[in-house]
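The values are calculated or read from the model by the stated rules, or taken from the named source; none is laboratory data. As the structure is a computational prediction, the values presented were derived from the model and not from experiment. Neighbour counts are summed over all protein chains in view; Cβ atoms, including those assigned to glycine, are modelled from backbone coordinates with ideal geometry.
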Amino acid sequence: MALGFFRRRQKMVIIIMVVLMVSFMVGGYGVNMLLERNPLKDELADTRLGPITRGEFLMARADVEILEALGFGTNQYRAQQWPMEMAFMLVRSAAGGPETPFVLLLKEAQASGEIVATEEVDGFFRALGFADESTYKSVASSLRSSRGWTEQGIRRAVANWLMIYKAYNNATVNCPPSETELQVTCRDVKEQIDLRVVRIMAKDFVKDTPDPKPDDVQKQFKTYRPVYPGQSPQPLDMGFGYRQPGRAQVQYLLARGEVVSRVTEPSFDTLVDYYNRNKDEFYKEVPVNPETAPADANAPVPTKRVPLSFPEAKQQVIERLREQTVSARLDELVGLVRKDLTRDLAVGTAPNMAYSKIVDELAGPADAVLAKPLTGLKIANLPLDQAIERLTRAADISAICFPWGTHGAQTLLPSVKVTLTGDMTVRGALDDICRQVKFPRLEWATCVGFSNVIFSVKTSGQGIDFFPVTVAETELWTREQFGEDRVLDSCVANPSGQGESLAQTVFSVKGLSTNPRETAMVELGGQGPRMYMLGDSSGQLLWRLVNIAPAHVPQTMTPEIRRKVTSDLKLAAAMNLAAKKAENIRDAAKIISLATIAENEKLDVFTTGLFARRSMNMGWSAVPGLDELDTAALVAYFIPQAFELMPEDLDANAASQTNAVGVVPVPAKAEVLVIERNDYQPVFKQEYEDYWRLVVARFLNMQRYERTMIAWFNDKNIRIRTKFKRTGG
């Protein structure tokens, strides 16, 4: 009866056996395949080489996983030396997963009739690092026990990839570079030029241009109305545009790490505990025998490590702990502010007034501290920071947060020396210091949470704001303007430096986001997530999105746009004047040198140093000193004109010529460059034939091979080449 059952259902039994065999080879996919109806015949896609079934996709996925488990395609350094592995890494990086390109490449290889011998599979394992059969057997056994892969399945996966790579090698044509290409490439990467450069700025000629006519203003506006400003990639375009980008306005409260760090130190117990746990890290090097000098004065002196005592190491310990101490103090301060903010908003405080109200409540009078008498004070010619420290001790307070540093146009160094003698109050001492260092008279306040500390504040337009918390509000700014702000451009959503920036968060809001699928991270009028200011001036930011103006094409000229159009037309006219000035300088410099002309005209001149047309990867070189060439288009525009100044005749006995000087207008930067050849380094024929011809030929062959490989194993190209079309789920 049983045999009869199998005879009547022979076809079904064969299918089940095949499924079991495949599932055994591909590991955990067997159960899923059994649940599908006849998976080996379930067509999921069509190609010019025939249909692809679900089973083939699953087998391809298994092949990829087997190769990865062997360590293939996981070693970037090895892949740089082994093109076959680099090709596999390209397949692995396919956006939609590696199984589709793998199965399509395998279809191609099978159609081309490639055959892989057993010896080639063995060679692959040796190249992968399996030096002997016992190592290979050990790995195969491990993979079988952990993943269910048989040795036959492992060797099949390797053979399939070898077949794919052989098909690629046989399909590509290795055409060596021509002699002309070798010579031109060698010239591009080895020939160098050094330039003298003078910048002629169009803005310097704006005052000499007439106001544009109304018709010209209208024409300019109509022409560039739909264009965003500065978006043209063309170097000869001045980047005019009056399409209005999206703008946002934010109000923020900043807890300033720069201020907090001046008045915050770890507790004594914290310092001692850290020192005791890390004593080995605090030492000094002293000579082993300080009384014996080495025979050779240039010989290194033998030294030994001597542990530092806690008093000796204290300042180092403070610096080690400063960042985390300030961070913890900022957390406390922002926690206090957020608590007050929640309270104020709950009782109806206007959101636009809430931050200012909090700062007003944090600030307190410093009259009691300022009135403290100081009897017989003696501070003689001490640096400012040391003088303030001594004054703090004399007043018996915790800290005086004196605002040395840069504030707008004023800079005060803590190393400036001051002197204080006699009887005075703290207020009198601070006023005297300001007079000595030629600083404005400072106003002072206390701050909740900072016991017995006074801070510099700005009151009624007087003084300098150096309070732990400050409030500010932007205008309606573009995303680029947010990126130019010292505070807001430094803010991200995570103290580790990861996460969205403040600008990303702001411009995710509906009405500003350019991606309709993007989830807004803030609401108009709402509080944004806390931000962390990174860099030299750390801090934490609470903020709210006040207003937005979506991007739009203006239908009429507003007064602001009219001013911009007028300014642009005057700048374009000034650019013409700058070009004429540059041409006059060029003509004169051909005879008496650009350096002399620049000196006579009181213009700045600088030299770039030697640079080539291209780097060895064939990208355009960077031009030293010319930061305005900040796009690939500008570099590609400038360099060929610079190398027009190379001499045509390298004969040392050739007749002398005029100085090699040129003019390069750069409208995209509203300037004109006058350039003069200062020096050059040619490539000589013998040097090329003896060495560089072979080097360049090898480089070009390698570059072509890499480009061909990238193109061949590119997922999109594979799908096009095989006419891939998905037909099933």
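Here are some notes:
- Which numbered condition Leu542 fails, given (1) modelled with pLDDT of 95 or more; (2) touching an Asp or Glu at 6+ places or on another chain (Cβ under 6 Å): (2)
- Residue within region 479-499 that is among the aliphatic types (A, V, I, L, M), touching a strand residue (DSSP E or B) at 6+ places or on another chain (Cβ under 7 Å), outside the structural domain of Pro440 (by TED's automatic domain parsing) and outside any loop (DSSP other than H, G, I, E, B) present: yes
- Taken residue by residue, region 365-377 has at least one member that is within 19 Å of Val469 (Cα to Cα) and surrounded by 15 or more Cβ atoms within 10 Å (Cβ to Cβ).
One line per residue, one yes/no per condition, for (1) closer than 19 Å to Gly257 by Cα; (2) modelled with pLDDT of 95 or more; (3) crowded, with 17+ Cβ neighbours inside 10 Å; (4) more than 43 Å from the chain's Cα centre (by Cα):
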| position | (1), (2), (3), (4) |
| --- | --- |
| Gly348 | no, no, no, no |
| Pro351 | no, no, no, no |
| Ile400 | yes, yes, yes, no |
| Val426 | no, yes, yes, yes |
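- Of all the criteria given as (1) of a type in the set (A, V, I, L, M); (2) modelled with pLDDT under 85; (3) more than 30 Å from Ala117 (Cβ to Cβ), the one not satisfied by Ile200 is (2).
- Every pair of residues 6+ apart whose Cβ atoms lie under 7 Å, when the first sits in region 574-594 and is in contact (Cβ under 8 Å) with a residue 60 or more places away in the chain and not assigned by TED's automatic domain parsing to the domain that holds Thr658 while the second is of a type in the set (Gly, Ala, Ser) and not in a helix (DSSP H, G or I): none
- Test: residue in region 114-122 that is β-branched (Val, Ile, Thr), within 39 Å of the chain's Cα centre (by Cα) and exposed (fewer than 15 other Cβ atoms within 10 Å of the Cβ): no
- Of the criteria (1) assigned to a helix (DSSP H, G or I); (2) in contact (Cβ under 8 Å) with a residue 24 or more places away in the chain; (3) of a type in the set (D, E, K, R), which one Glu114 fails: (1)
- Filtered residues of region 238-286 (kept if of a type in the set (D, E, K, R) and within 27 Å of the chain's Cα centre (by Cα)): Arg247, Arg256, Glu258
- Strands (runs of 3 or more DSSP E) (entirely within region 380-462) containing at least 3 residues that are of a type outside the set (Gly, Ala, Ser): 410-412, 417-425, 443-447, 450-459
- Residue list for region 521-539, restricted to those being assigned to a strand (DSSP E or B) and among the hydroxyl-bearing types (Ser, Thr, Tyr): Tyr532
- Enumerated helices (runs of 4 or more DSSP H) restricted to region 540-649, each holding at least 3 residues that are over 37 Å from the mean Cα position of the chain (by Cα) and surrounded by fewer than 19 Cβ atoms within 10 Å (Cβ to Cβ): 559-592, 594-601
- Test result for Val272, touching a Phe, Trp or Tyr at 6+ places or on another chain (Cβ under 8 Å), free of Cβ contacts under 8 Å to residues at least 60 places away in the same chain and not in a strand (DSSP E or B): yes
- None of Val672, Val663 is of a type in the set (Val, Ile, Thr), part of a strand (DSSP E or B) and either without any contact (Cβ under 8 Å) to a residue 40 or more places away in the chain or in contact with a Pro (Cβ under 7 Å, 6 or more places away or on another chain) (or both) except Val672.
- Selection over region 317-346 of residues that are farther than 19 Å from Ala255 by Cα, of a type in the set (A, V, I, L, M) and either surrounded by 14 or more Cβ atoms within 10 Å (Cβ to Cβ) or in contact with a Ser or Thr (Cβ under 7 Å, 6 or more places away or on another chain) (or both) gives a count of 3.
For (1) surrounded by 13 or more Cβ atoms within 10 Å (Cβ to Cβ); (2) over 26 Å from Gly609 (Cα atoms); (3) basic (Lys, Arg), each residue gets a yes or a no:
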{"site": "Arg693", "(1), (2), (3)": "yes, no, yes"}
{"site": "Ala697", "(1), (2), (3)": "yes, yes, no"}
{"site": "Arg719", "(1), (2), (3)": "yes, yes, yes"}
{"site": "Arg726", "(1), (2), (3)": "no, yes, yes"}
